[in-house]
Amino acid sequence: MTHPTSTAAPPLAAGEQRSAQYDAFHTARARTDLVSHLYAEAMGEDYLVEVAASSSCDWPLLGLMTVRLRMPPGRLLVDAGCGTGGIGLWLARALAVRLAGFDLSPVAVAQATGRRANFLGADTGRAAFRVADLEDTGLPDSSAHGIVCVDALGRARDRDAALRELGRVLAPHGRLVLTRASRQGPDPAWEEQAHAAGLTVEHVDERPSEPATWDRLYRLWIAHAAKLRRELGEVPAQNMLREAHQVLPTLPGRRAVLLTLRRTVSVPAGAGGADTMCGLGRRPGDGPASSERTPS
């Protein structure tokens, strides 16, 4: 007796499984302005139309990150968990720096790559994007003079490992600015976590309006559930609605901050220098390069 050949798709690898939800969201969002309109309604005049981020990044946060990075022109900025690249590209243009962005989602990386000319004009070579994890960025030691990580660390498989990886990539005296959240009460172990990554806490900037922004946004998602399903498709819409229902009850008593961490230690012997990179976001010897929304 013969058996028919199976037409079922092979099981996804772990990394592909993790990226599939984000791929579906970014693919669906590119087909409609609905998600952007809901973000704009939730954020009001603080919404960054050009950036169009799927995160809590608004005008106050973008301005604060610009101040905290203190990057001279021409240096390398890394956008960790870059999504479709708007935040990093805006900062690269504003600060006149180079940009290396990475994200788990190949769809987001492709969209970010396609947006470079919108921010940088003909100078698209200043920015490069790649698929990578927070825990394994593929970037050389001490290669970044600044790193931004907006609403992405909370989605890492191992937050401590991800922070150590970002610390490894950061050059001496460089700064990592990242959004973090906790419950109100005693200060969380941010100092200890930073120290374990070879970093020190330079600033803790409170973001008191951030929980209310998420509250408005999630309620808008729920109110427009039928339209989300119609315009995005059942799976992306259901993922968004599940997130809204899960996170909404946790928002009361939530503390949101922007942490600025700085590397003050010397570069270990034999580590790559900050200006000896082999291309943006690539290790020396790499072959050709291949073509986070919720609170953390």
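Residue by residue, here is whether (1) open to solvent by 20 Å² or more (accessible area, probe 1.4 Å); (2) among the acidic types (Asp, Glu) holds:
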| position | (1), (2) |
| --- | --- |
| Cys149 | no, no |
| Gly154 | yes, no |
| Ala171 | no, no |
| Pro188 | yes, no |
| Glu192 | yes, yes |
| Val201 | yes, no |
| His224 | yes, no |
| Glu234 | yes, yes |
| Met240 | no, no |
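Restricting to the range 1-25, give me the number of residues that are closer than 20 Å to Cys149 by Cβ and either among the small types (Gly, Ala, Ser) or modelled with pLDDT of 95 or more (or both). Outline the logic, then answer.
Residues of the range 1-25 that are closer than 20 Å to Cys149 by Cβ, as a first pass: 15, 18-19, 21-22, 25.
After this cut, where a residue has to be either among the small types (Gly, Ala, Ser) or modelled with pLDDT of 95 or more (or both) as well, the list is 15, 19.
Residues meeting the conditions: 2.
Could you grab me the full set of residues in the range 203-218 that are open to solvent by less than 60 Å² (accessible area, probe 1.4 Å) and aliphatic (A, V, I, L, M)?
Residues of the range 203-218 that are open to solvent by less than 60 Å² (accessible area, probe 1.4 Å), as a first pass: 203, 205, 207, 210-215, 217-218.
Ala212, Leu217, listed by residue number.
Any chance the range 175-186 includes a residue that's farther than 24 Å from Ala96 by Cα, of a type in the set (A, V, I, L, M) and surrounded by 16 or more Cβ atoms within 10 Å (Cβ to Cβ)? Don't jump to the end; show me each part of the working.
Within the range 175-186, the subset farther than 24 Å from Ala96 by Cα is 180-186.
The next check asks that each one be of a type in the set (A, V, I, L, M); those that pass are 181.
Now narrow it down to the ones that are surrounded by 16 or more Cβ atoms within 10 Å (Cβ to Cβ): 181.
Yes, the range 175-186 has at least one match.
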Inset, instruction - Examine the range 125-143 for a residue that is modelled with pLDDT under 95 and among the hydroxyl-bearing types (Ser, Thr, Tyr), and state whether such a residue exists. - result: no
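Residues are listed down the side, and each one gets a yes or a no for (1) hydrophobic (A, V, I, L, M, F, W, C); (2) open to solvent by less than 40 Å² (accessible area, probe 1.4 Å); (3) within 22 Å of Leu170 (Cα to Cα):
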| residue | (1), (2), (3) |
| --- | --- |
| Arg18 | no, no, no |
| Gln21 | no, no, no |
| Ala24 | yes, yes, no |
| Thr27 | no, no, no |
| Arg31 | no, no, no |
| Val35 | yes, yes, no |
| Leu48 | yes, yes, no |
| Ala52 | yes, yes, no |
| Arg70 | no, no, yes |
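Give the number of residues within the range 36-64 that are closer than 22 Å to Asp79 by Cα and part of a helix (DSSP H, G or I). Give the steps one after another, and end with the answer.
At the first step, the residues of the range 36-64 found to be closer than 22 Å to Asp79 by Cα are 36, 39, 46-64.
Retained after the next criterion (residues that are part of a helix (DSSP H, G or I)): 36, 39, 46, 59-64.
Matching residues across the range 36-64 total 9.
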Inset, instruction - Answer yes or no as to whether Ala40 is open to solvent by less than 50 Å² (accessible area, probe 1.4 Å), within 22 Å of Leu220 (Cα to Cα) and in contact with a Leu (Cβ under 6 Å, 6 or more places away or on another chain). - result: no
Legend entry - Unmet requirement for Arg155, which otherwise passes all of (1) over 18 Å from Val109 (Cβ atoms); (2) out of contact with any strand residue (DSSP E or B) (no Cβ under 9 Å at 6 or more places or on another chain): (1)
Legend entry - Number of positions in the range 82-131 that are out of contact with any His (no Cβ under 9 Å at 6 or more places or on another chain), of a type in the set (Val, Ile, Thr) and within 30 Å of Arg157 (Cα to Cα): 4
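The values are calculated or read from the model by the stated rules, or taken from the named source; none is laboratory data. These numbers were taken from a predicted model, which means no experiment stands behind them. Cβ atoms come from the backbone with ideal geometry, glycine included; neighbour counts cover every protein chain shown. Only protein heavy atoms, including side chains, enter the accessible area calculation; ligands, DNA and RNA are left aside. Shrake-Rupley method; radii C 1.70, N 1.55, O 1.52, S 1.80 Å.
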